[in-house]
Structures are given as structure tokens and as C-alpha cells.
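Notes to accompany the following structure.
The values are calculated or read from the model by the stated rules, or taken from the named source; none is laboratory data. As the structure is a computational prediction, the values presented were derived from the model and not from experiment. All Cβ positions, even for glycine, are placed from backbone atoms using ideal geometry, and neighbour counts span all protein chains on display.
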Amino acid sequence: MRIEHQIRAFEQIFKSYDGLLPLHRFLHLYFKQNKKMGSSDRRWSSRYIYSFFRLGKALMKEQQVLRLAIADFLCNTTPSLVVDTHLPNLADQIELPLKAKLALIESAFPAFKLSDVFSFHQNLSAAVEKEDFCESFFIQPDLFLRVTKGHLKSLLADLKAHEVPVKELSETTLMLPNGTKLENVFPNQKFYQVQDLSSQKTGLYFEPKAYDRWWDCCAASGGKSLLLHDLEPTVQLVVSDVRETSLNNLDDRFHEAGIKKYQKKVLDLLQNNDQDLHDYEFDGIILDAPCSGSGTWGRTPEMLYYFDEHKITMYSRLQRGIASNVVKYLKPGKPLIYITCSVFKQENEEAVRYLEENFPLKLEKMEVIKGYKDAADTMFVARLIKTEPA
Ligand SMILES: C[S@@+](CC[C@H](N)C(=O)[O-])C[C@H]1O[C@@H](n2cnc3c(N)ncnc32)[C@H](O)[C@@H]1O
């Protein structure tokens, strides 16, 4: 009986969900509207629906409940009724490492292809190792903190007091299990930012100089600006975004970080903004472009199922459009830092080629930051230098 109840709950959620809202927000609303679901129902439904989407488009011809059992087997190391019932021969092997479990599934289901998990693989940037990348979807990424210099010890002490298993990656980076309730551990202090490991690594490309003037042109709530400020606190910052609400969050985060002097502008960078910007010249521009987010789908696996491939071209146009309106405000000899959280070549290396071919920019270095090897997001970063006028 309990298994039927669990499957019914999963099927109801799957039927009601259309991929438009992020799954975590949808589930929050769904559970609010379905108050009769107890905490155990909510826990199992969340585990099942997340595991189900992590299977992407693999074994699409199999029955849904069998696909759910396979997904749950691959994503978890603790028993479940769906695996016990629908994969009875494999159930006692659920604790095995992922690679061993994948081999078991491949031999039990010859139609299983790992590459079907991420069905957009023909669009991948060349540097991405397809097999490792596809495997990474069965493991939920971790939570990363960027710690203000000098505060690591006190943060570690608080985490240990709350028995949070924490890994020290560097003197400014901590790795915690996903879902850690930070507000319980640190009720009063903010000597850290939640920032993915790969996003932290993009900072290695900034190389700001003292008293430089920089523009974070797609700043949202300011993740990259805060990183830039920590690297060089004397940098004079201009931040902009098309969404005013994001910039309001930026104000709060800057306030908490003690940053008082900065200029903020609401700008649509697909338009001509000369009226606002005609006398501006920057020593560095961060273009953290709107993108497919395909490097972050380990956190939002519903996208493996619902993403429409045509959108890659849409994002690519948006990125090129924005770039063409910002390069003119960069001083010659200075860097444009182009960043995406995408694994698609069209948004990454091909965007860089477009920038080099159409603007006075020369590529200095670029990299796919392979978060899929570190239980983190995968990102792309390029540093292009504006050439002197002929
Ligand atoms: C990847 S997010 C930026 C994340 C941010 N830099 C951070 O580190 O948290 C891309 C941002 O581009 C903004 N954006 C999208 N279209 C835009 C446009 N036409 N003009 C300006 N900003 C735009 C979005 O509102 C979004 O906040």
C-alpha cells in the first residue's frame, strides 16, 4: 500500500509540473496547497521527483515507474520502496559507488545510454568530458562559501559547534553539504558569501589594479562585484542590470559587506545607453552574461527534461547584442571579462570568436571551469583585451 501511495504522490506532482517554475519553487507552492501531505510524504516526493529528472532523457521508452526506480537507484545510497519493488535484483546494491551502479544498469538495460542523460551533448564546449559531465548529474552539487580574509577560523568553529561536516578548500573557500541551514549556524554574522566554487574561480581572470574603474554590466545581486571588491577594495564600481529588483538585492548585500561607494544604474544593454554612459571609460568590464545556465543543471535537473534546444540560439543572440553595446566603454589595453554558466560552445568559445571577429578585442585566455569534477557548477570565462585604435 505504502509504495502505491508514494508512486501516486510522485505521479500527481509530475503531472502538475510543466517546467516553467524552478522545481524547488513549484514544490514549495505544491506542498502549501496540498496540506494533507505529511513531512514523510513531502520528503519522499521530493527525493523521487528530483531523482527522476536526473535521469534526463535516458531510457525514455521504458515505463515511467521503472525509470523512476532506475533514477532513484542511481541517485541515492539509502533504500527506497520504489527500488525494492521495481528493481528487486539490484536493491541490495544501492550503496555501491555510482560507476558500479551505472555498470549494473547498463547490463540490466542494454538500451541505457549515459549520453541520453544530457541530450544536448552535440552542443557541448570541446573541453567538457562528456562521460564525466553526464555522470555528474546523479550527484547533487555541494554548497560553497567564499570567506572574507581573516575570518576562516571563527566560521570553522561555528560550523563544528553545529556539527556541520565542512571541507576547507583554501583559506577563502569552504565546502558544505547542500541544504545546510546557514541561518542556524551564523545568525548574526556575514563574513562570507554563498558563491559556487567555479564562480569564485572566475575571479582569477579579473586582475584589477588599485583605483581602477570597473563596470559589472550584468550585475544582478552582485556576486561578481563582491568578488572583485574583495580582490581589490579600492576599485571604483559601476553596477547595472536590466532588472531593478536584482539591484535592490545588490544594495542589501553591498551594505552587509560594508561597500558604500558605488554607482548603480538600471540599463537595458540591448538599447543604446549613450545618454547615461557617454562620458564613461572603464579599466575593466565584467560581462556575466544571461545564458542557458546549462552548467548549473546539476542543481536544477528538471532542465534536463524541459530545456528547449532552440533557446541556445536565443541566448547567443542576447549575449552578442549586449557585448556589442558595452565594448565601446572599455579603455584600450583593458580587459573585458566574459563569463557564462553554460557548457554550450555557442555561448562560450563561439561567442568569444564572434567578439574577436567583430570588435577590437584580442583573446588573452579562456577556460571551461569544470565544476562537474568538484560537485560544483560548470562555468566559462574569457579575458579579452581591447586593442589600441589603428
Ligand atoms: C548570469 S546573471 C548575472 C549574475 C551576477 N553577475 C552574479 O554574479 O550574481 C545575468 C544577468 O543579466 C541580466 N540581463 C539580461 N538581459 C539584460 C539586458 N538586456 N540588459 C542588461 N542586463 C540584462 C539579467 O537580469 C541577469 O541578472
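The one condition from (1) touching a residue at least 40 places away in the same chain (Cβ under 8 Å); (2) buried (at least 18 other Cβ atoms within 10 Å of the Cβ); (3) within 30 Å of His310 (Cα to Cα) that Asp116 does not meet is (2).
Criterion applied to His121, His86 was being more than 18 Å from Ala69 (Cβ to Cβ) and out of contact with any strand residue (DSSP E or B) (no Cβ under 7 Å at 6 or more places or on another chain), and the one residue passing it is His121.
Screening Asp230 with (1) within 10 Å of the ligand (Cβ to nearest atom); (2) under 25 Å from the mean Cα position of the chain (by Cα); (3) surrounded by fewer than 22 Cβ atoms within 10 Å (Cβ to Cβ); (4) of a type outside the set (A, V, I, L, M, F, W, C) gives one miss only, at (1). Residues that are in contact with a Pro (Cβ under 6 Å, 6 or more places away or on another chain) and not hydroxyl-bearing (Ser, Thr, Tyr) within the stretch 349-390 comprise Ala375, Ala376, Arg383, Ile385, Lys386, Glu388, listed in sequence order.
Does Phe144 satisfy the criteria of being closer than 19 Å to Asn178 by Cα and touching a Leu at 6+ places or on another chain (Cβ under 7 Å)? Yes; evaluated as a whole, the condition is true for this residue.
Condition check ((1) buried (at least 17 other Cβ atoms within 10 Å of the Cβ); (2) of a type in the set (Val, Ile, Thr)) across all residues:
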{"position": "Gly293", "(1), (2)": "yes, no"}
{"position": "Asp308", "(1), (2)": "no, no"}
{"position": "Leu330", "(1), (2)": "yes, no"}
{"position": "Glu347", "(1), (2)": "yes, no"}
{"position": "Val381", "(1), (2)": "yes, yes"}
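Among the candidates Asp212, Asp196, Asp241, the residue that is surrounded by 13 or more Cβ atoms within 10 Å (Cβ to Cβ) and in contact with a Phe, Trp or Tyr (Cβ under 6 Å, 6 or more places away or on another chain) is uniquely Asp196. The set of residues in the stretch 252-288 that are crowded, with 16+ Cβ neighbours inside 10 Å, of a type outside the set (Gly, Ala, Ser) and farther than 23 Å from Gln319 by Cα comprises Arg253, Phe254, Ile259, Tyr262.
Pairs linking a residue in the stretch 49-70 that is in the same structural domain as Thr85 (by TED's automatic domain parsing) and of a type in the set (Ser, Thr, Tyr) to a residue that is surrounded by 14 or more Cβ atoms within 10 Å (Cβ to Cβ) and part of a helix (DSSP H, G or I), with Cβ atoms under 7 Å and 6 or more positions apart or on different chains, are Ser51/Ala71; Ser51/Asp72; Ser51/Cys75.
Considering every residue within the stretch 281-300, establish whether at least one is more than 16 Å from the ligand (Cβ to nearest atom) and either more than 20 Å from Phe118 (Cβ to Cβ) or outside the structural domain of Asp216 (by TED's automatic domain parsing) (or both). Break it down into steps so the answer makes sense when it comes.
Within the stretch 281-300, the subset more than 16 Å from the ligand (Cβ to nearest atom) is 281, 283, 298.
Pick out the ones that are also either more than 20 Å from Phe118 (Cβ to Cβ) or outside the structural domain of Asp216 (by TED's automatic domain parsing) (or both) and you get 281, 283.
Yes.
Between Val128, Val166, the distinction of being over 19 Å from Gly295 (Cα atoms) and of a type in the set (A, V, I, L, M) belongs to Val166 only.
Residue-wise test of (1) modelled with pLDDT under 95; (2) within 14 Å of the ligand (Cβ to nearest atom); (3) not in a strand (DSSP E or B).
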site: Gln189; (1), (2), (3): yes, no, yes
site: Asp252; (1), (2), (3): yes, yes, yes
site: Lys265; (1), (2), (3): no, yes, no
site: Asp268; (1), (2), (3): no, yes, yes
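Quick one: would you say Thr202 is of a type in the set (Ser, Thr, Tyr) and surrounded by fewer than 19 Cβ atoms within 10 Å (Cβ to Cβ)?
Values: of a type in the set (Ser, Thr, Tyr): yes; surrounded by fewer than 19 Cβ atoms within 10 Å (Cβ to Cβ): no.
So Thr202 fails the test.
Of all the helices (runs of 4 or more DSSP H) wholly in the stretch 301-369, which have at least 3 residues that are of a type in the set (Ser, Thr, Tyr)?
Values: elements: 303-306, 310-326, 349-358.
Because the criterion is at least 3 residues that are of a type in the set (Ser, Thr, Tyr), the helices (runs of 4 or more DSSP H) in the stretch 301-369 that meet it are 310-326.
Exactly one residue among Asp41, Asp18 is outside the structural domain of Gly293 (by TED's automatic domain parsing), loosely packed, with under 12 Cβ neighbours inside 10 Å and acidic (Asp, Glu), and that residue is Asp18.
I'm trying to understand the selection: among the residues of the stretch 302-338, which are closer than 30 Å to Gln64 by Cα and within 12 Å of the ligand (Cβ to nearest atom)?
Step one: list which residues in the stretch 302-338 are closer than 30 Å to Gln64 by Cα, which gives 302-312.
Residues satisfying the conditions do not exist here.
Kindly indicate whether any position in the stretch 373-385 is without any contact (Cβ under 8 Å) to a residue 40 or more places away in the chain and assigned to a helix (DSSP H, G or I).
Taking the stretch 373-385 and keeping what is without any contact (Cβ under 8 Å) to a residue 40 or more places away in the chain, we get none.
Taking every residue of the stretch 373-385 in turn, none turns out to be without any contact (Cβ under 8 Å) to a residue 40 or more places away in the chain and assigned to a helix (DSSP H, G or I).
Quick one: in the stretch 233-250, which of the residues that are in contact (Cβ under 8 Å) with a residue 12 or more places away in the chain and β-branched (Val, Ile, Thr) is farthest from the ligand (Cβ to nearest atom)? Checking each candidate, the answer is Thr234.
Sort through Leu247, Leu169 and tell me the only one that's out of contact with any Pro (no Cβ under 6 Å at 6 or more places or on another chain) and over 27 Å from Glu367 (Cα atoms). Can you show your working first?
On the way: Leu169 fails: over 27 Å from Glu367 (Cα atoms).
None of the others qualify; the one that does is Leu247.
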